[in-house]
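**Student:** Handing you a structure now.
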């Protein structure tokens, strides 16, 4: 029979180090281990799973209990001797805000320590070049969410921002996003941080989405995964050996021609050109495309061969892309999400799942799970908040660099 401890050691838990000056890293290792086990872990199991000494585990868990981040959740009988006390995360001990700047809609969410959404606000993205005015509106939404929650400021970890690429991650700038004309090179991270009073992080929307999936979504136990985002634009978020791949400038995951050919605008334009949709569905603004997309999905479901063909060709393009990327990275999980994906998911999976299953490379030595996100249409906003949780609470190997 597999014991609770044996099951624990099979999960994706980072190992700690008993060397001095590593308190911050080890504390994150402990937090990460507890978080990944919703039924709780005992101190003995934490020591076994992380490789830390019993004394180190005891010292760290005492601090976490004192901070209110963890709590004792019950007893576990493991045979003769004293029952072990289980520890679990206190979800309401800390919170983070996430903002997703999408060309069609701006979404703000407030999440607890486990990534559960406890507050939400969305609005259509303004057209035009009044970037400062848009940021002021975003900041007002953030302040409103926090105020309505009644959460003390000392429990707010910070603000995460997800934006379409390209970005300059180090500087915190968006860089001429194709579907956001007028934004140019804009210091979004610092402007929004100043306007809200919260420390902020900026990342690409597809990268934020993959962080959400490994924090609170469909891939919490996968160390090697690919997230394909399909919305106003498209792209891939990538994780290899439990590390999110960002690239030199934070723009890893751009999919070039596949992205352009998979955009909502492209699908609607194709449908209009083929006469499947009327000219009244012409996309003048990114937010307009959703109406045409939903009608296209309805027509395909009703048996319109041309409408179905448009979606089938999209599915084949995406399937080829994820099979190639999945092979390159040797992933065990492929997750799909985004507003467009949610409208077309059943039809797209009908084609993509068999493509992955038939690939001689993706499944050569291991099964590959293909799933839709469990986080809904706001996955990128949840991902933005998860960037903050991940930065503050997950074990970051770079924090081991000394000097």
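**Student:** If you count, for each residue, the other Cβ atoms within 10 Å and average over each peptide, how do 351-359, 156-164 line up from highest to lowest?
**Tutor:** 156-164, 351-359
**Student:** Next question. Hey, rough spin-label estimate for residue 288 and residue 306, points 7 angstrom out along Cα→Cβ, what's it come to in nanometres?
**Tutor:** A separation of 2.0 nm, rounded to one decimal place.
**Student:** Also, I was wondering about something else. At 222 nm, what value in deg cm²/dmol follows for the chain if DSSP H runs of at least 4 each add -39500 (n - 2.57) and the sum is divided by all its residues, to the nearest 500?
**Tutor:** So the calculated ellipticity at 222 nm is -13500 deg cm²/dmol.
**Student:** 7 Å from Cα along Cα→Cβ at both residue 75 and residue 240: what's the point-to-point distance in nm?
**Tutor:** 4.9
**Student:** Can you tell me how much longer the chain between residue 346 and residue 144 gets when fully stretched, taken as 0.36 nm per residue apart minus their C-alpha distance, in nm with one decimal?
**Tutor:** Extra length from residue 346 to residue 144 when fully extended: 69.1 nm.
**Student:** Let me ask something else. Figure the gain on full extension for residue 118 and residue 327 (residue separation times 0.36 nm, minus the Cα-Cα span) and round it to one decimal in nm.
**Tutor:** Extra length available between residue 118 and residue 327 comes to 71.5 nm.
**Student:** Out of all DSSP beta bridges in the chain, what portion is antiparallel? Express it as a percent rounded to 5.
**Tutor:** 65
**Student:** If you don't mind, there's one more thing I want to ask. With 10 Å bins from zero, work out the P(r) of the chain over every alpha carbon pair and list the percent per bin.
**Tutor:** Going from the shortest bin to the longest, the percentages are 5, 22, 29, 25, 14, 5, 1, 0.
**Student:** Applying a 10 Å radius around every beta-carbon, put 217-223, 118-124, 384-390 in order of their mean neighbour count, most first.
**Tutor:** 384-390, 217-223, 118-124
**Student:** Shifting gears a bit: Evaluate E = 1/(1 + (r/R0)^6) for residue 154 and residue 280, where r is the Cβ-Cβ distance and R0 equals 56 Å; express this FRET efficiency to the nearest 0.05.
**Tutor:** It comes out at approximately 0.60.
**Student:** Can you give me the Cα centroid spacing of the stretch 200-271 and the stretch 157-195 in angstrom?
**Tutor:** Using only Cα atoms to place each centre, the spacing works out to 16 Å.
Every number in this text was worked out from the coordinates using simple rules, so none of it is lab data. From a predicted model like this one, the values you see are computed outputs, not experimental measurements. Here the Cβ is made from the backbone with ideal geometry for all residues, glycine too, and neighbour counts use every protein chain on show.
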